[in-house]
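As structure tokens, the structure follows; a few thoughts come after it.
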Amino acid sequence: MSASAPSSLRATDGVVRRIIGPGTAASHPDAVVGREWLVTNGLGGYASGTIAGVATRRYHGLLIAALPNPLGRTLMLNRVAERMILPDGSSAALGGQERVEGGLELPPLEHLRSFRLEAGLPVWEYLIEGRLLEKRVVLPARQNTVYLSYRLLEGDAVQLELRPGVHFRSHDAPVNLPLHDSYAISAVDGHYVIHASDERPDLRLRLAGRNPGFTANPERLPELLYRVEAHRGYDSTGGLWAPGAFIVDLASDAPATLAASTESVDVMLALDADGAHRSELERRRRLLTAAPPAARSGIGAELVLAADQFVIVPVGRTAEMARAHASGDEVRTVIAGYHWFTDWGRDTMISLEGLTLTTGRHAEAGFILRTFAHYVRDGLIPNMFPEGEREGLYHTADATLWFFHAIDRYVDATADRWTLRLLLPTLFDIVRRHIEGTDFGIGVDPADGLLRQGAAGYQLTWMDAKVGDWVVTPRRGKAVEINALWYNALCLLERWLSEERDAAAAAPVSRERERVRESFNRRFWNPATGCLYDVVDGEHGDDPSCRPNQVFAISLPNPVLDRERWDPVLNVVRDRLLTPFGLRSLAPGHPEYKPRYYGDLRARDAAYHQGTVWGWLMGPWIDAWLKAHPDDRSVARGLVEGLAADLGEFGVGSIAEVFDAESPYTSRGCIAQAWSVAEALRCWVRTAG
């Protein structure tokens with residue numbers, strides 16, 4: 001990389017978020033240990049860690065490669081210990097790690113001068129003995145390759161020592177998984193290869209710079225402590241294997257780069273660090289150019305770049321890719337959240353508008369919809385695809401109904417009637433299967449036309465926490481948002497059939513729709529609370545719990561709730577559920593209300609939908625509010641700005657999955673969640689101007 005900033009940076013240099021500045025790291029260590037960064041590669045692979053360089057999660061690493069199933073996402077390069085070697089022989093560490101014995105081995109935080117995101121990419125600056133060093137991390141699009149680049153911005157030349165540490169394992173595997181006994185490193189044609197005798201690929205390493213060298217010294221590193229894993233109740237100590245040390249001269253005219261890759265030699269060598277950086281900046285510039293004007297700068301642009309992290313090519317599912325390519329199509333899907341989520345049908349359909357349509361990525365939206373149409377089984381789309389598996393799991397009552405909503409948003413944005421006509425037989429069959437009854441007790445009650453769901457041991461709505469055999473919020477019966485979505489789907493199918501001149505097929509759908517509307521307004525209205533039941537005809541009768549699910553009876557394009565009841569419902573939701581970061585999943589005062597999402601898995605899941613705030617629900621709330629108050633855009637804009645404030649916290653450059661239910665509404669769960677970003681971006685553009 002040249003000593004000057006790449007010229008293509010000028011196209012995106014306005015998209016800069018400064019997270020910490022001089023003095024911040026040393027005086028506020030939590031600001032650098034508690035905040036995490038993320039870079040993705042468009043395949044589901046990623047690099048991630050804390051700003052301080054301390055790995056606190058099993059998922060932290062510099063190369064988590066997206067490998068063909070059954071391997072899935074695999075941690076191939078855990079860390080690189082970086083030290084500046086000064087002329088007097090002394091050294092200074094750039095990053096650290098927490099050891100089981102000896103406690104926290106933080107870097108000398110006074111050396112960390114600043115951290116920022118440039119066009120969403122992380123940049124560190126370290127000031128050591130008058131030398132200002134810059135570090136960047138880049139993952140080229142659709143490659144399992146990472147570039148760690150270093151430049152000396154000020155000061156005399158020094159040496160840089162880089163010690164890789166590895167533990168080849170699934171990114172979901174516990175950190176105490178035993179290390180292989182057969183790790184070995186060898187030199188091959190100007191680069192180095194780390195090999196372990198198992199099914200995983202080799203890791204290739206290449207150091208570029210002035211006078212690069214490598215000293216082999218294979219060793220097992222002392223046990224490391226991953227503090228977030230400990231707090232979450234998981235195994236939290238584990239070792240790494242280190243092959244030795246790379247060393248390179250660093251000067252103002254001599255940058256250095258360590259590249260690590262699971263790709264072939266030809267692919268790995270196709271780009272140098274400068275080329276990889278320029279290519280990635282150009283790709284991001286094109287993303288911003290395709291976005292609407294309100295999302296080409298500032299927070300809007302940050303959200304566009306955050307949205308890009310979730311749209312991927314699922315390389316592990318080779319059969320689907322072969323089938324799509326044979327018909328001239330492409331396969332796309334959406335990672336629901338980083339680090340641990342795979343692609344989920346519900347999250348994909350809810351996120352599709354914000355991630356792809358709002359950003360001008362219309363072709364990819366079509367790829368996603370046609371991809372999921374191939375997955376339909378027994379009238380259902382998959383709930384999710386487990387890591388490394390080829391087949392999806394179908395235990396969901398709402399993902400398929402969100403599929404209708406996503407198609408509606410797509411057709412509205414693109415006027416792509418070809419895709420609509422292609423999918424229409426599938427959509428008609430989905431409705432037929434729901435009326436007749438399909439898996440997991442999902443089916444229409446012939447007595448009132450409402451959609452019911454429920455099967456022992458399954459969690460079928462979006463409130464889907466389960467620990468062992470304990471389904472925390474089963475919501476079996478007729479759930480309010482399921483029936484709002486069902487009504488919306490029937491309205492859409494009726495319209496599409498009519499537009500395609502199939503009046504005979506549309507007529508029974510129309511009758512079903514009217515029946516649902518009448519039954520919904522008769523059954524779900526709770527005069528005692530002035531809002532809607534969460535579930536009717538449930539296992540314990542009608543459930544009056546005050547939850548955000550009732551908002552969908554207003555927010556969807558075809559609202560099922562009678563207009564005269566909108567204001568009472570919205571007032572209750574505003575007063576009891578609305579927070580600066582989204583809607584509470586349960587109102588305070590309920591016996592099961594939990595103000596904090598924290599602790600081990602059982603404690604967290606007990607709070608997951610029992611008060612915990614969900615950022616994505618800000619989108620439906622704003623939709624519903626603006627339907628009732630179309631002139632009150634300033635209030636809606638303020639709510640989006642509040643949610644977008646999380647871009648500088650927790651997972652910097654993205655928005656968290658959930659937040660505590662009470663002030664200070666601490667960010668929790670995944671550091672980057674697709675529907676949180678998607679709904680923030682969609683509403684940001686909607687409320688612009």
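The values are calculated or read from the model by the stated rules, or taken from the named source; none is laboratory data. Keep in mind it's a predicted model, so treat the numbers as computed, not measured. Don't worry about glycine lacking a Cβ; one is built from the backbone with ideal geometry, like all the others, and counts go over all protein chains shown.
The single condition from (1) at pLDDT below 95; (2) crowded, with 22+ Cβ neighbours inside 10 Å that Ala256 fails is (1).
Please work out which residue is farthest from Pro630 (Cα to Cα), limiting yourself to region 662-689 and to residues that are touching a Leu at 6+ places or on another chain (Cβ under 8 Å) and either small (Gly, Ala, Ser) or modelled with pLDDT under 95 (or both). Looking at residues that are touching a Leu at 6+ places or on another chain (Cβ under 8 Å) and either small (Gly, Ala, Ser) or modelled with pLDDT under 95 (or both), I get Ala672. Residues of region 172-226 that are free of Cβ contacts under 8 Å to residues at least 24 places away in the same chain and at positive phi: Gly190 alone. Residues in region 42-76 that are out of contact with any strand residue (DSSP E or B) (no Cβ under 7 Å at 6 or more places or on another chain) and of a type in the set (S, T, N, Q): 1 in all.
Every test in (1) within 30 Å of Leu427 (Cα to Cα); (2) in a loop (DSSP other than H, G, I, E, B); (3) modelled with pLDDT of 95 or more is passed by Glu263 save one, and that test is (1).
Listed here are the residues, each with its yes/no results for (1) in contact with a Lys or Arg (Cβ under 9 Å, 6 or more places away or on another chain); (2) at pLDDT 95 or above; (3) more than 27 Å from Ala656 (Cβ to Cβ).
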position	(1), (2), (3)
Val331	yes, no, yes
Arg346	no, yes, no
Thr359	no, yes, no
Arg377	no, yes, yes
Glu391	no, no, yes
Ala406	no, yes, no
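Tell me whether region 72-93 contains one or more residues that are free of Cβ contacts under 8 Å to residues at least 24 places away in the same chain, in a strand (DSSP E or B), surrounded by fewer than 24 Cβ atoms within 10 Å (Cβ to Cβ) and not polar (S, T, N, Q). Explain how you work it out, then say what you get.
Quick first cut of region 72-93, residues free of Cβ contacts under 8 Å to residues at least 24 places away in the same chain only: 88-90, 93.
Restricting the remaining residues to those that are in a strand (DSSP E or B) gives 93.
Still in the running and surrounded by fewer than 24 Cβ atoms within 10 Å (Cβ to Cβ): 93.
Subset that is not polar (S, T, N, Q): 93.
Yes, there is a match, as at least one residue in region 72-93 is free of Cβ contacts under 8 Å to residues at least 24 places away in the same chain, in a strand (DSSP E or B), surrounded by fewer than 24 Cβ atoms within 10 Å (Cβ to Cβ) and not polar (S, T, N, Q).
The set of residues in region 201-223 that are under 26 Å from Pro174 (Cβ atoms) and surrounded by fewer than 19 Cβ atoms within 10 Å (Cβ to Cβ) comprises Asp202, Pro218, Glu219, Arg220, Pro222, Glu223.
Of everything in region 409-419 that's buried (at least 17 other Cβ atoms within 10 Å of the Cβ) and closer than 15 Å to Cys491 by Cβ, which residue is nearest to the chain's Cα centre (by Cα)? This residue is Arg409.
Looking across region 15-41, the residues that are of a type in the set (S, T, N, Q) and out of contact with any Pro (no Cβ under 8 Å at 6 or more places or on another chain) come down to Thr24, Ser27, Thr40. Where helices (runs of 4 or more DSSP H) sit wholly within region 342-448, those with at least 2 residues that are over 22 Å from Val677 (Cα atoms) and touching a Ser or Thr at 6+ places or on another chain (Cβ under 7 Å) occupy 362-373.
Residue check: Asp631 meets all listed conditions (1) free of Cβ contacts under 8 Å to residues at least 12 places away in the same chain; (2) farther than 26 Å from Gly354 by Cβ; (3) outside any helix (DSSP H, G or I); (4) among the acidic types (Asp, Glu) but one, namely (2).
Those residues that are at pLDDT 70 or above and on the phi < 0 side of the Ramachandran plot, I need them from region 12-26; list them, please. Listed by number, the residues that qualify are Gly14, Val15, Val16, Arg17, Arg18, Ile19, Ile20, Gly21, Pro22, Thr24, Ala25.
Kindly evaluate Ala55 against the criterion of being modelled with pLDDT under 95, surrounded by 22 or more Cβ atoms within 10 Å (Cβ to Cβ) and in the same structural domain as Ser236 (by TED's automatic domain parsing).
Considered against the rule, which asks whether it is modelled with pLDDT under 95, surrounded by 22 or more Cβ atoms within 10 Å (Cβ to Cβ) and in the same structural domain as Ser236 (by TED's automatic domain parsing), Ala55 comes out as yes.
Looking at this structure, is Ala456 surrounded by fewer than 17 Cβ atoms within 10 Å (Cβ to Cβ), out of contact with any His (no Cβ under 8 Å at 6 or more places or on another chain), in the same structural domain as Phe524 (by TED's automatic domain parsing) and of a type in the set (Gly, Ala, Ser)? Taking the combined requirement at face value, the residue satisfies it.
Suppose the filter is of a type outside the set (A, V, I, L, M), in contact (Cβ under 8 Å) with a residue 40 or more places away in the chain, within 26 Å of Ala644 (Cβ to Cβ) and outside any strand (DSSP E or B); does Pro588 pass it? Judged against the criteria, Pro588 is a match. Determine whether Val551 is assigned by TED's automatic domain parsing to the domain that holds His434 and closer than 24 Å to Arg409 by Cα. Judged against the criteria, Val551 is a match.
Here's the yes/no breakdown for (1) hydrophobic (A, V, I, L, M, F, W, C); (2) closer than 30 Å to Glu391 by Cβ; (3) in contact with a strand residue (DSSP E or B) (Cβ under 8 Å, 6 or more places away or on another chain):
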position: Ala291; (1), (2), (3): yes, no, no
position: Ala294; (1), (2), (3): yes, no, no
position: Gly298; (1), (2), (3): no, no, no
position: Ala307; (1), (2), (3): yes, yes, no
position: Ile312; (1), (2), (3): yes, yes, yes
position: Gly316; (1), (2), (3): no, yes, yes
position: Ala319; (1), (2), (3): yes, yes, no
position: Arg323; (1), (2), (3): no, yes, no
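So, in region 534-591, of the ones that are of a type in the set (Asp, Glu) and surrounded by fewer than 24 Cβ atoms within 10 Å (Cβ to Cβ), which residue ends up farthest from the chain's Cα centre (by Cα)? Here the answer is Glu564.
Table: residues versus (1) closer than 25 Å to Leu43 by Cβ; (2) in the same structural domain as Asn558 (by TED's automatic domain parsing); (3) surrounded by fewer than 18 Cβ atoms within 10 Å (Cβ to Cβ).
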residue: His374; (1), (2), (3): yes, yes, yes
residue: Asp378; (1), (2), (3): no, yes, yes
residue: Asn383; (1), (2), (3): yes, yes, no
residue: Gly388; (1), (2), (3): yes, yes, yes
residue: Thr400; (1), (2), (3): no, yes, no
residue: Ile407; (1), (2), (3): no, yes, no
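Report yes if Ala489 is closer than 22 Å to Gly437 by Cβ, out of contact with any strand residue (DSSP E or B) (no Cβ under 8 Å at 6 or more places or on another chain) and either buried (at least 24 other Cβ atoms within 10 Å of the Cβ) or outside the structural domain of Arg682 (by TED's automatic domain parsing) (or both), otherwise no. So Ala489 passes the test.
Criterion applied to His277, His180 was being in a helix (DSSP H, G or I) and in the same structural domain as Ser91 (by TED's automatic domain parsing), and the one residue passing it is His277.
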